[in-house]
Structures are given as C-alpha cells and as structure tokens.
Number of protein chains: 2
Amino acid sequence: MKLTELFTQPDPAFGQAMTALLERFHHSDDSQVPYQRGSFTHQLDQSRMPTAGISTTEYLTRLATLVPGASHLTSPRYMGHMTAPLPAFTAELSRLLVMLNQNPMKMESSRLLSFLEREVLAKLHRLIYGEGDAFYDTHMHAKDAALGVMTSGGTIANVTALWLARNRACGDNLFALYEQGYRGAVILGSRLMHYSFDKGMDLLGLGAANVWRLDTDADNRLSIPALEVALTRCKEQKLKVLALVGVAGSTDFGSIDPLPELASIAAREQIHFHVDAAWGGPTLYSPRYQGLLAGIARADTVTLDGHKQLLVPLGTGMLLCRQPDLMMTVKREAPYAIRATSFDQGRFTLEGTRPANALYLDAAFQLLGQQGYAELIEANYDRARLMAELIEASPAFELMSAPVMNLLSYRCIPPHLQGKALDEEANEQINRFNVALQKAQRAEGHSFVSRTQRAVGRYDELPLTLLRAVLLNPLIEERHIRELLADQERLGHELARELFGDAR
Amino acid sequence: MKLTELFTQPDPAFGQAMTALLERFHHSDDSQVPYQRGSFTHQLDQSRMPTAGISTTEYLTRLATLVPGASHLTSPRYMGHMTAPLPAFTAELSRLLVMLNQNPMKMESSRLLSFLEREVLAKLHRLIYGEGDAFYDTHMHAKDAALGVMTSGGTIANVTALWLARNRACGDNLFALYEQGYRGAVILGSRLMHYSFDKGMDLLGLGAANVWRLDTDADNRLSIPALEVALTRCKEQKLKVLALVGVAGSTDFGSIDPLPELASIAAREQIHFHVDAAWGGPTLYSPRYQGLLAGIARADTVTLDGHKQLLVPLGTGMLLCRQPDLMMTVKREAPYAIRATSFDQGRFTLEGTRPANALYLDAAFQLLGQQGYAELIEANYDRARLMAELIEASPAFELMSAPVMNLLSYRCIPPHLQGKALDEEANEQINRFNVALQKAQRAEGHSFVSRTQRAVGRYDELPLTLLRAVLLNPLIEERHIRELLADQERLGHELARELFGDAR
C-alpha cells in the first residue's frame, strides 16, 4: 500500500471494528481486567517504535487488548468521577470535527469556526450574565471584545482568571506591586477551592503558599467572618488581594459559596471576583435549581467546563468575562500567526493552537436545548437526594453533608462502631476502613465511587477519609444506587472481619 | 423521544451525513464561501440557546452551512499553516477515543490509558535522547519518574519548560531570586523564538520584556557571539538566566539553532537548556535529515507537537525531560483527585483533566512506523527544495532563505521592481504589495500561503512582509506548487496595475 493511501482511502473494516469495540465497552464493566499495576505495565513496556508500520488489522488486535483496560466511565454503576457519558451523536460528530482539524486560534485556519466559538461563548455569557440583546449585538463579533475564551479545561480557565487579575493589579512584572507599597499578594477563598488555584499561584510566581484557604461553615460554604478577618490581616500586612474566589460546586460536596455576600465584599474592597463554576455553572439551566447560583452575575470572571455537566468530550473549558474588554490586559500577538487587529481568537488565550471544540458545544446546545439540560440536571440532583436518603436510612453509612447539587460525600461505618460516639481513635479506624473499602470495591469492578480526605465541622479538624459519589450519568436508576450501596455493605462486612476481628 | 435515548440510541443517518459532509469538504476548496466578515457573522449571530432541542435532522441543516465555511486545510493547494491533513484511520479512532472519554490525569479515570501515555512518552524520549533499554525499563512506569508530560499543545509545553526552569532556580516565589543577589531574571534565545515564550514569561510574573530575543546569523540561527555578549551583560546586571532556548524549526524559516554550541554554553554556564522542537522534532525519524538536530539530546527539556509533523489531531503537545526526576519540581496533589504516591499523571501536568490523546499517537506510531514518518518527512523536505528552486528560477519572486526543513519564506516582486536594487522605499512598496497579494489569494480561495513580518539580514533591520509556505500535506504534488506560484504571478500582475499604475 502506498503511504499516501493512508490519507485518502478510508478503511470501512476499521470503522466497523471501532463500533464493535465501543459496543463491547458500553456493555462491559471494570472487572474484566484486574486493576493491578503488573498486568498493565507488562502489556505496555515498549520504548521503541516499530520500524515499519503495521496494518490496521494488526492494530485492531492491539486495541482489543487496550480497550478493556480503560476505565468504565459510562457504566451507571460508576459514580466516582466527574466524567460524563456522552450523547451518541458525539461519536459521529467527532469524526467531522477531528478531520476538519480547524484551529480557532487564527481566522485563517478556522474561518467560520472562529465565529462559531464567539457565538457559543455569547450563549454562555448570556446564561451567566443575562445582558440584553443590544449588549450581545455590539460585542459578540467585535474585534476589541472577548466575552470569554475557550481553554483545554477548568484548570487553564482558573489560571487565566488569576493571570487577568494579576495583570489588572500589576501587569506582568510583580515588582510593580512592591512599588505600590505592597509586601506580597494573595488570593482568598474557601478551603474547598480547587487545587488549580495553587498551581496558578505557583505558575504566576506568587507562591502556592499565598492561596489562603479559609474556613467553611457547617454547610461547607466560605465563612464570611473568616473572610473579613483575612481581609483585615491583608491590610495590616500590606498584602494585595488579587482575587476573591467563590466556589460554585465544590468537588467534594457540591457546596456553593454565598455568592451575593462575596460579590458585595469584592465590590466594597475593589477585588477581582472570580467564580469557579466548572461543576455547578449549568445549574443555571434548571428553573428549579438556578437560584442556588444567585449572585454569579456579579462575578468578574466565571470558569465553566464543557466536559462536566455540559456533556461534551474532555478538553473543553471556558472562562467567561463580564466586561468584554477585560481580556485586553493579557492580549498578545505574533507576526506570522496572530494579528492585533484581526478576529484571531489566539490574541487572548493562554493556549495557542487548539481544536475547535466549540462545535461540540454548539451541537449539544442545539440538540439538547435549555430544556434538555434542565431535565438532565434536575434528574441528577434528584438522584443525589434519593441517594442521600438511602445513606441516611442505614446505620452502615454516615452522610457528610446535605445534598446541594449532585455530589455526595459520605462514609461507611464498620459494624462495631455503628451507633457509637466516635472519638479520634474511632475516626482513624474508620479512615483505614474506608480506604480499604474503596480499594476493594474498585478492584472488584462492579461498582465505583472515589474517595477524598477532608475535615468536616462535626469532627473538628480531624482529616477524614470520605467516599465521594458523583451522580452525572443520566442512565443511573434507583437500582444502581441501591446496588452500589449494597456492594459497600457487603465488602464492608468482609473487611471489618479482616481489619477489626478482635474489636468485634 | 426520551432524553436518555440520546445517550443510548446511535443515529445511523447522522453518521452517514457526517461521512457525506467530510466527503464534500475533502473535494471542495475555500472559494465556495467568500472570506468576508459579513457573511460569517450574519450566519452566527444568536446569543440565545434554543429553548427546546432540535432533531439531528434539523441540526444537519445547520452543519451543512457551517462546514463549507471552515478553512480548507486538507487541500494540497493550502500551504499556509502548520496543520496536517490526517490519516483516514484517525476519523474512526476519534469515535473510540471520544466515547471512551478517559481522563489520564488520574489512574482511576483512565487505567490502562495512563500507562499507554507513559509508553508513548518513553518512545518519544528514546527518539530524542536515545537512552538504553535499562534506562527505560527502570523509569518508564516508575512512580517517581516522568519522562515527559502530555499537554494541549506546544504553548503549554514551552510554558511548562519555563515553569520547571524557574522552579529549579527559585521555587514558586520569585523573591527567593533576590535573596540570592539577583536583580531580575531573563531567558535567552533568538529573535525567532515562538511567541509562547513571551506569554510564558508574562504568566510566570517575570515580564514578557525579559525574553531577550538575540540576533540571528545569515541562516536565521541564533548568533553565538550575540549570545556571549548577552551572557556577559546578564552577569554585569546581576540577572539570572533561567533558560537558554534553542529553536529547532523556526515557524517562519524552518531554521535550526546551532544546538551543539548552545548545549555546551548552557552546560558551561549551568543554565537550563530547552529546545523548542514543536515543528522540527520528528525530523529525527529521517535517516537523511536527522543530522540537522544533532545536539538535541543534550537539552534538559524538549517541546514536541503531536498535531504538527506527528500527524495527529489538534490538541496534542508534549514536553520531554532528559532527567526522569525533573518534573518533581512542579509536582502537585489534591486529596480527591491526585495522590502523591500514585501513578496519577496529573501530578506533573500544568493542565488538570484532559483527553487521552496518547491513543492517537499510539495508533500513528504503530500504523506509520518510523519508516512511514521518515518517508513522509523526506518527501516534504524534498518538496520544499523543489519549491525553492521554482521560486529562485523566477524574477517574480525572491526566496528569503535556503530551505532547511519544509518551511519557506519568500516574497513576490512587482514587475517594475524586478531585477532592481531595492532601497527602503522599494521595500515598503513590496511590503504593501505582498500584504495585498496574500489577501487577494486568500479571498480567491484557490490556493493559499500565510504571511509574516520579519527582518532579514540582507536588508538590515527593515521589517519585511514575507509569504510563508508550509509543505506538510503528503498529497502536494509538483503541479500544486506550480499552480500556487502561477496564481501569485497572475494576481501580482493585476495588483501591480492597481497599486503602482504610475510607476510602471
């Protein structure tokens, strides 16, 4: 076969094989391949590329061993991470998007798709900020405006927000801050802020240690008194507060910071107000739940993730900006690629060349509509409430917070400690028990939740190991939730015998 | 239709329509839709999402208007940007990759794909650094090692390299530098360094102005005398040199800095040596051309782009690290997601959640093999030499540098200036002429090159508008190159009449 035929001759058998592999993946579960390092690394231990290429038929043999080793995120018994099963049209759309290979960094290499990106960002801007038609008519396709930017994910969106906030405060040279009389710079938020903020402060040269993670209240929301104390300390210590971060959907509890109060404080103190709504943003589609995000429209910047509740493939984040000229503080250009007076979207993005993932969002917006998103979100939030009830009804479990969105943290209590007052030693036992339980459940492969470590008000500052369920899959039914909890009770009984044989 | 059926019921008609759209795209050219702002923004001016979702049939109507507006990157007469037409198997593989939706940030959400990523990185590490089997057996799947990281593209890879270099020098807090007696920090490289380095220095709080873009020699390579002068100035001014950057494939000329000399200077001065081989890295596959990159194995870090000469879809960059423990200087963790003692690849990446694009690389490696890449690369580099000959043979063109890889910069000379000595005024005329020519050719839509602005030795420091051809498409034949140049001669004649009617 001539090499150029690889570029011109589709191979229908390869396409059919992909369909078959996906079919098998959708109807299998994790237990097919044991979750063990040995079995995985043994399969993938080649550091040399093949000299000559192999045929697609031979490559299919390789794929047939790889795919069963993937994590089975689409199973309705996989409730562990923030990854969505995708609508079926996504598979076919991906072929188009990938083969068009448009690069929206630059008009010349994406043309209409650049404007599609701007349209998608305008729709999300309207969802969050709800400006009027005149606003969008003016700014949506203006060269000197950016209602937001596309990023590869929430991390880069949060980093971009900090970058903007810093450049608003002191440009790209930190020493300007010192000339203004400050002795350093910090960002303020709750202890449930995403770890991308630490990464961002590290990257920006401000120090990860200058992310001040403040106390939360009983509902895992940033404590306003703690914030006021921190602001006073910053003034006393001559520290510039670059940004106040509100969390709209914490990764462990789905809790939402008191956004209206934070907005007022940020306005009073003239601090950049950023809301990390990577998880929670799409709640705004739901008439029943959108009130949870009241106050978000007062944020200077908002992070969203396409690949979370917006149900598009991984690699799609966004930063939305209330003011269309905010992005000008980080504008860049390059002679061969990005012209200052162009429509090139690359003028504002942290990333350079990147895929036209706005097309995935466009398709999902059109095919699901606001009502579709609302229906899916409400069903998921209702499922979380059902799961919380089932957890609370059993002495084998302890729910760690009332459900807000569709994220729950809870833990399993070994039989000998059920119904007891739990001191520090008991909690340490329960921690060990839950680590072992999560690993055993993961290894068994029938159902899955993730685990985290957090302090929770009712046990003071003790770090607790928690199980963490994410109810995102629209195919989850009550029976799947019951099965998952039953798996945990069963495995918990076995483990308790192993771990605490004597204590019982 | 029940909403959940969108997730469970594939729609074969939608798939067939994607095939038809792609077919049409592959056999059309840019001229179908005029390259005008008005026609584009008029089509995409909705800032409201639809309330109810539309059917896939209705969405196909929308796609049928969007796709012809895309930039026709796969045409063999499109030689303007660094975007590759992709092998046909990529389309089908994308369905699998997107629907598996694995997240290699974390073992639990990618399992075997995490190890595939490490295997792919090991293969590229071997390509660049050529360590022995024992090295790869030890480090490839070790928890405390990272032979590299995947990124969304070359920009994040370059930013990550600067981040590493800075944290090696002073951690995440810049003031540590001052305590060491430095008065600032810079990076050194040629004036052809990619603009992501400015972005990186801005982001890192070190100031874009502290990217020192040094002179190049007649072959567009970093001048060693200029570098030595800069190093002396840095010592005199007590500036810390965070990194020395070597360009291996400049975006405008395909020129390669003198890597062996740079490596020796970096070693002598104990400076982090980074090579930006986003474009040129895969040259190493070619027995005929790999000598161009001699010295790259002495780099501390190397940037590669999957979506350039490695022929995988956009969104796939990499940073390779000579020493497996280098990444530990930026290691992060998070309680619910990234555990320090895990295999979680997210410990080292600037990005968080991201797609498992290593699978695209794996498929291309297996299906093309080293020989396939070598054959494609050599054919492209040979095409550039052919094009350079055709340019040199015509008085209508001026070649701006001898071809090194498969990138060429040249310009069109209007008839009345052909064969003349060109003073500043003449060069200004030629600049205007080439801007107009590139726009006219783009608007006509039959063939395409991009344009850039650079000073070139033979005209001192005058900024010149250059045409820039990228020979990446394996389907380009001699006749396409001849057609493109003929288009330019023809359009040039018309434009010269318009612009310089009097002068002729």
### Message
Please pick out the residue among A:D202, A:D276 that is at pLDDT below 95 and either closer than 28 Å to B:V330 by Cα or in contact with an Asp or Glu (Cβ under 9 Å, 6 or more places away or on another chain) (or both).
### Response
A:D202
### Task
Pull up segment A:178-189, narrow it to residues that are in contact with a Lys or Arg (Cβ under 8 Å, 6 or more places away or on another chain) and crowded, with 24+ Cβ neighbours inside 10 Å, then point me to the one that is nearest to the other protein chains (Cβ to nearest Cβ).
A:A185
### Task
Would you be able to tell me the number of residues in segment A:216-239 that are within 17 Å of A:A263 (Cα to Cα) and either touching an Asp or Glu at 6+ places or on another chain (Cβ under 6 Å) or assigned to a loop (DSSP other than H, G, I, E, B) (or both)?
5
### Message
Among the residues of segment B:149-162, are any out of contact with any Lys or Arg (no Cβ under 6 Å at 6 or more places or on another chain), in contact (Cβ under 8 Å) with a residue 12 or more places away in the chain and surrounded by fewer than 24 Cβ atoms within 10 Å (Cβ to Cβ)?
### Response
no
### Query
Within the bounds of segment A:100-107, is there any residue that is at pLDDT 95 or above and more than 7 Å from chain B (Cβ to nearest Cβ)?
no
### Task
Tell me the helices (runs of 4 or more DSSP H) entirely within segment B:84-158 that contain at least 1 residues that are touching a strand residue (DSSP E or B) at 6+ places or on another chain (Cβ under 6 Å).
B:112-129
### Query
On the given criteria, is A:E461 surrounded by 14 or more Cβ atoms within 10 Å (Cβ to Cβ), at pLDDT below 90, of a type in the set (D, E, K, R) and at negative phi?
no
### Query
So which of B:T56, B:T4, B:T65, B:T41 ends up being among the β-branched types (V, I, T), without any contact (Cβ under 8 Å) to a residue 60 or more places away in the chain and out of contact with any Leu (no Cβ under 9 Å at 6 or more places or on another chain)?
B:T41
#### Entry: Single residue of segment A:228-257 satisfying the filter (free of Cβ contacts under 8 Å to residues at least 60 places away in the same chain and within 24 Å of A:L472 (Cα to Cα)) that is farthest from the other protein chains (Cβ to nearest Cβ)
A:G246
### Task
Give segment A:195-205 a look and list any residue that's in a loop (DSSP other than H, G, I, E, B) and surrounded by fewer than 24 Cβ atoms within 10 Å (Cβ to Cβ), or say none.
A:Y195
### Task
Filter segment B:284-331 for residues that are within 17 Å of B:H139 (Cβ to Cβ), at pLDDT 95 or above and in a helix (DSSP H, G or I) and give the result.
B:A297
### Task
Would you point out which residue out of B:H416, B:H446 is touching a residue at least 24 places away in the same chain (Cβ under 8 Å) and either in a helix (DSSP H, G or I) or of a type in the set (S, T, Y) (or both)?
B:H416
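Out of B:T57, B:T19, which single residue is part of a helix (DSSP H, G or I), within 26 Å of B:G306 (Cα to Cα), out of contact with any Ser or Thr (no Cβ under 6 Å at 6 or more places or on another chain) and more than 7 Å from chain A (Cβ to nearest Cβ)?
On the way: B:T57 fails: within 26 Å of B:G306 (Cα to Cα).
Exactly one residue qualifies, and that residue is B:T19.
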### Message
Please count how many residues of segment A:348-375 are surrounded by 24 or more Cβ atoms within 10 Å (Cβ to Cβ) and in a helix (DSSP H, G or I).
### Response
9
### Query
Filter segment B:407-444 for residues that are within 13 Å of chain A (Cβ to nearest Cβ) and surrounded by fewer than 19 Cβ atoms within 10 Å (Cβ to Cβ); which is farthest from B:N380 (Cα to Cα)?
B:N431
### Query
Taking B:P76, is it more than 24 Å from A:T8 (Cα to Cα) and of a type outside the set (A, V, I, L, M)?
no
### One residue from B:S401, B:S447 being in contact with a Lys or Arg (Cβ under 9 Å, 6 or more places away or on another chain) and crowded, with 19+ Cβ neighbours inside 10 Å
B:S447
### Task
Kindly indicate whether A:F25 is of a type in the set (F, W, Y), facing chain B (nearest Cβ under 7 Å) and crowded, with 21+ Cβ neighbours inside 10 Å.
no
#### Entry: One residue from A:A243, A:A266, A:A278 being assigned to a loop (DSSP other than H, G, I, E, B) and under 25 Å from the mean Cα position of the chain (by Cα)
A:A278
## Note on the structure
Of the listed residues (A:G132, A:G181), the one being out of contact with any helix residue (DSSP H, G or I) (no Cβ under 8 Å at 6 or more places or on another chain) and on the phi > 0 side of the Ramachandran plot is A:G181
### Message
Can you find, within segment A:108-130, the residue that is farthest from A:P287 (Cα to Cα) among those that are within 7 Å of chain B (Cβ to nearest Cβ) and aliphatic (A, V, I, L, M)?
### Response
A:L112
### Query
Just for segment A:193-218: of the residues that are acidic (D, E) and within 12 Å of chain B (Cβ to nearest Cβ), which one is nearest to B:A208 (Cα to Cα)?
A:D202
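The values are calculated or read from the model by the stated rules, or taken from the named source; none is laboratory data. Every value quoted in this text rests on a predicted model; they were computed, and no experiment measured them. Because the Cβ atoms are built from the backbone with ideal geometry, glycine has one as well, and the counts that use them run over all protein chains shown.
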